[in-house]
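See below for the structure under consideration.
The values are calculated or read from the model by the stated rules, or taken from the named source; none is laboratory data. Source: prediction; values computed, not measured. Cβ atoms come from the backbone with ideal geometry, glycine included; neighbour counts cover every protein chain shown.
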Amino acid sequence: MQGMSSSTSERLAPQRNLPVEATRRLLRRNAYVNLARLLGKLHGRDSADIVTQLTVNEQCKLLEHMPTLELVTSIFTYLDEETRAQLMPQLSTARLSAIVRHLPTDDAADILAELPQERLAAMLDQLPDALAEQINRLLAYDPQTAGGLMTTDYFSVEDTWTTAEVLEQLRRRSSRLETVFYLYVVDAEHRLVGVVSLRQLVTAEPHVVIRDLMETEVICVAVDEDQAHIAHLITQYDFLALPVVDYSHRLAGIVTVDDIIDVISEEATEDMLRMAGVNPDAMLEHTSRGNLRHRLPWLSVSWVGGLLASYVIDANESTLSSMVMLAAFFPVIIGMGGNAATQALAVAVRGLATGSITASDMMSAIANEGRIGLSLGLIYGVLLGTVAWFWQGTVMLGLVVGVSIWSSMSIAAILGGVLPLGFARLRIDPAVASGPFLTTAIDVIGLAIYLATARLLLAV
């Protein structure tokens, strides 16, 4: 088995490393049939990676003239959004409409949404009426909702059909369907009433009526449901697809797991950026001015917090002048508190995003973070207090440093858990409670505790 795997890898490696120059040579010779044969041996993703390295004119020439439309569609699907945005104005309306016809309706709607309104109208005129109507319906939904994510290429059956009739219909229509793992059962008014898995269908007797086979407890979402909740449902129940219904409970489409993988990646990226104090829209910016506009407001929070910390230090000038050695421990007091807050925050934000922390778990989650913060603060407080004692030769300074670290880390851990959970309760993105907001607050609180403890215990 191991030898077979190695041999397969050796055969695939030259294809994956296909030089871009070979593609360019075939393009210069207008050898589109040979080019299609060459790229057709690769996965669509690998072919798209090669196309991405060509110039815009070369990309357009390849997609416009290559004879195998299925291959062109596969490559076009795997191109990144920026490359597609550059290409679409260059491609003819006829070619672009031909590509769209071969795409699932959700992918077609996503691609056409990037076009200017006039070009979009011209494109829709080139499509069959039924397909144009489906795409128009999808374009009307917010792209971050179930309606914006769903495809209308699903398989629905009536509850009066037999399994033999369903299998016959499935054979006829399977090439156009996004997935056939679930068959959705509807009544005469197209309301969702049940679901049948492909396994149930193929193992049932031919004469069995679908209503006797279907599961009636169907988990579904409304067309305006947020994409984060859909991702949570699909990951929680290990679904391959999730049905979407309108306000009359009529089946409108399905959201497939491949689209949700993209959503999960996007949501995780957004959370990471917000926790770093970066507006997620900055990812779309490719100019210094655009990035400056997105980052400036977030950094202003740190700037204001820094001024507050400076004010705290200035207000305790007499304490510092009496014992200058206190200033040597500023970095560790600030750093340990900030790190404890960031750890608690990351756990809370991720727990809320994945659904492992729910509304009923909030108090226990906060209590847990509090216990962790108290324990970590005690450990590092004792360690740093001992270091300060032996370094400076005074027990009281060690006590001041130890108590300050313990207090700062405990408060930081509690705030790191409380803030995102509180924001979630207010239906505000919990990741917004992070980054500059939390760490800046902990900096100020940590310094204030440290200097107040020094005044109290050292009488300076």
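The table for this structure:
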item	result
Selection count where residues are of a type in the set (A, V, I, L, M) and over 47 Å from the mean Cα position of the chain (by Cα), scope region 378-405	3
Residue selected from region 93-103 under the condition of a type outside the set (A, V, I, L, M, F, W, C) and under 16 Å from A121 (Cβ atoms), by the criterion modelled with the highest pLDDT	S97
Within region 360-371, tally of residues that are modelled with pLDDT of 85 or more and either surrounded by 14 or more Cβ atoms within 10 Å (Cβ to Cβ) or not in a helix (DSSP H, G or I) (or both)	3
Any chance V395 is within 23 Å of L233 (Cβ to Cβ) and either assigned by TED's automatic domain parsing to the domain that holds A413 or aliphatic (A, V, I, L, M) (or both)	no
Hey, G422 more than 22 Å from V332 (Cβ to Cβ), in the same structural domain as L374 (by TED's automatic domain parsing) and in a helix (DSSP H, G or I) or not	yes
Residue selected from region 400-452 under the condition of a type in the set (S, T, Y) and within 10 Å of G337 (Cβ to Cβ), by the criterion surrounded by the most Cβ atoms within 10 Å (Cβ to Cβ)	S408
Residues that are closer than 17 Å to I230 by Cα and assigned to a loop (DSSP other than H, G, I, E, B), drawn from region 121-151	Y141, D142, P143, Q144, M150
Evaluation of V166 against (1) among the hydrophobic types (A, V, I, L, M, F, W, C); (2) free of Cβ contacts under 8 Å to residues at least 60 places away in the same chain; (3) part of a strand (DSSP E or B); (4) out of contact with any Phe, Trp or Tyr (no Cβ under 6 Å at 6 or more places or on another chain) (one fails), failing number	(3)
From L345, L374, residue being surrounded by fewer than 21 Cβ atoms within 10 Å (Cβ to Cβ) and either outside the structural domain of Y450 (by TED's automatic domain parsing) or closer than 25 Å to A309 by Cβ (or both)	L374
Residues of region 130-187 classified as of a type in the set (A, V, I, L, M) and more than 27 Å from H207 (Cβ to Cβ), total	10
Residue match in region 248-264 (condition: among the β-branched types (V, I, T), loosely packed, with under 14 Cβ neighbours inside 10 Å, farther than 29 Å from L139 by Cα and not assigned by TED's automatic domain parsing to the domain that holds L103)	no
Candidate set: region 133-169, residues that are within 20 Å of H190 (Cβ to Cβ) and of a type in the set (G, A, S); chosen: the one surrounded by the fewest Cβ atoms within 10 Å (Cβ to Cβ)	A140
Residue ID - nearest to Q90 (Cα to Cα), chosen from residues in region 20-66 that are of a type in the set (S, T, N, Q) and surrounded by 19 or more Cβ atoms within 10 Å (Cβ to Cβ)	Q59
